[in-house]
Amino acid sequence: MFVKKRSIKGEKGNVRYIEGLVTFHNVHLNVYCFELDGVLIDTGAQVLLNEFTPFFAESTLEQVVITHYHEDHTGGAAYLHSKLKLPIYQNEMTIEQCAKKADYPKYRKFFWGTRKPYHARPLSKTFSSRTATWDVIATPGHSSDHLSFLNRETGQLFSGDLYVTAKTKLVLREENIPLIIQSIETVLTYDFEEMFCCHAGFVKDGRKALTKKLHYLQELQGKTLALRKQGLTEYEIQAELFSKKYPITFFSSGEWDSIHIIRSILRENALDK
């Protein structure tokens, strides 16, 4: 049983990118990292390192910034720090965790590899590259440490996993839909148009795409709470709103599941009372 791996390199205006693709049977996963102005945004997965190292070598990198600690975004960080001597910057709250041996489920190590420990430095509210100042925007929800980066000079948003898709159908157990809603609302207060997502890639009208996702999640939250008031259980709500099942739910033993969408909405609503 082998995971199939491949990569696609390209450019979109001033941004160079590489997309890594991982396939096993009917499970298909992907992840992007982006480079511009001497900045590398995210590092891909350890299992894709051989695919990504030529891209790193072709880049004139000066620093690396991480959107969040998940292994498909940090898998190349140890290599970039130890071999290329690049400083790694990320949210302070997960620096200690990433300096230790990777601790996540076996299926994720199967697909993405085992992230090696690395040493990072904390990001402030802004950072500078060769020609630009960047806003560091706290966007928790997908993970507690999630950040998005806005290049003030170009108006380009690098959104990590904040967007991914307009209509979310399943999430990780740790995700929090009400927090994601708040994070999207926060990002929409900034001035940007183009968006670079670590799974959807280049999105020309990022503001429109994020607004569409916001409306979908708000509507989903409203439907969930309305069904709860009618007396439905969380699994009955899931059956009503998410009838389709996905292979990753089986492979992940339920870590990826639409039930976590329902539970996060109900949990946050209960805390508000």
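Here, each number is a calculation from the coordinates, and none is a lab measurement. Remember, predicted model here, so these are calculated numbers, not experimental data. Methodologically, a virtual Cβ is constructed for each residue, glycine included, from the backbone with ideal geometry; neighbour enumeration extends over all protein chains shown.
Which one of Leu179, Leu227, Leu150 has the biggest mean-square fluctuation once the chain is modelled by GNM with Cα springs under 10 Å?
Per the Cα network of the chain with a 10 Å cutoff, Leu227 tops the list.
In the Gaussian network model of the chain, springs joining C-alpha atoms below 10 Å, which of Ile237, Ile18, Ile41 carries the largest mean-square fluctuation?
Ile237
Taking the Cα centre of the chain as the origin, how large is its charge dipole in debye, to the nearest 20, when only Lys and Arg (+1) and Asp and Glu (-1) carry charge on their Cβ atoms?
Numbers: 35 positive and 32 negative charges, 138 e Å.
It works out to roughly 660 debye.
Hey, any idea what the orientation-averaged projected area of the convex hull of region 31-131's Cα atoms comes to, in nm²? Spell out each step's value before the answer.
On the way: hull surface 24.2 nm².
Mean projected area for region 31-131: 6.0 nm², to one decimal.
Report the residue, chosen from Pro247, Pro117, Pro140, that carries the largest GNM mean-square fluctuation when the chain is represented by alpha-carbon nodes joined by springs under 10 Å.
Pro247
Viscosity 1.567 mPa s, temperature 4 °C: Stokes-Einstein D of region 229-268 from its Kirkwood Cα radius, in µm² per second?
120 µm²/s
Over the Cα atoms of region 91-185, how large are the radius of gyration and the largest Cα-Cα distance (Dmax), in Å?
15.1, 42
Which one of Ile265, Met93, Gly206 has its Cα pushed farthest toward the positive end of the charge dipole of the chain, where Lys and Arg give +1 and Asp and Glu give -1 at the Cβ?
Working it through, the farthest residue towards the positive pole turns out to be Ile265.
What relative contact order, as a whole-number percentage, does the chain give when Cα pairs under 8 Å and 6 or more residues apart are counted? Don't skip to the answer; put the middle values down first.
Working: 525 pairs, mean separation 36.7, N = 273.
Once divided by the residue count of the chain, the mean separation gives 13 percent.
Extending each Cα 7 Å along its Cβ direction at Lys212 and His25, get the distance between those two points in nm, one decimal.
Distance between the two pseudo-spin positions: 3.2 nm.
Helix-derived [θ] at 222 nm for the chain: sum -39500 (n - 2.57) over DSSP H runs of at least 4, divide by residue count, nearest 500?
-9500 deg cm²/dmol
Taking the 0 to 90 degree range and rounding to the nearest ten, how far is the long axis of helix 177-187 tilted relative to the main principal axis of the chain, both from C-alpha atoms?
50 degrees
At most 16 other Cβ atoms within 10 Å and a DSSP loop assignment: could you name the trypsin sites (Lys or Arg not before Pro) in region 102-181 that fit?
Answer in residue order: Lys125, Arg130, Arg152, Lys167, Lys169, Arg173.
What do you get for the angle between helix 259-272 and the principal long axis of the chain? Use alpha-carbon atoms, 0 to 90 degrees, nearest ten.
Here the helix axis deviates by roughly 80 degrees.
Between Lys109 and Lys204, what's the calculated FRET efficiency when r is the beta-carbon distance and R0 is 30 Å? Round to 0.05.
On the way: r = 35 Å, r/R0 = 1.17.
Once the sixth-power term is evaluated, E becomes 0.30.
Calculate I(q)/I(0) for the chain by the Debye formula, one identical point scatterer on each C-alpha and no solvent, and give its log10 at q = 0.13 Å⁻¹ to two decimals.
-0.86
Projected onto the charge dipole of the chain (+1 at Lys/Arg Cβ, -1 at Asp/Glu Cβ, origin at the Cα centre), which of Cys33, Met195, Pro140 gives the Cα projection farthest towards the positive end?
Result: Cys33.
Restricting to Cα pairs below 8 Å that are 6+ residues apart, what does the relative contact order work out to for region 119-273? Please round to a whole percent. If you can, show how the numbers build up before the last one.
Details: 235 pairs, mean separation 33.4, N = 155.
Taking the mean separation of contacting Cα pairs over the length of region 119-273, I get 22 percent.
Expressed in nm to one decimal, what extension gain is obtained for the pair Thr189 and Ser144 from 0.36 nm per residue of sequence separation less their Cα-Cα distance?
Gain on stretching Thr189 to Ser144: 14.2 nm.
On C-alpha positions alone, give me the angle between the axis of helix 49-58 and the longest principal axis of the chain, in degrees, nearest 10.
Once rounded, one gets 50 degrees.
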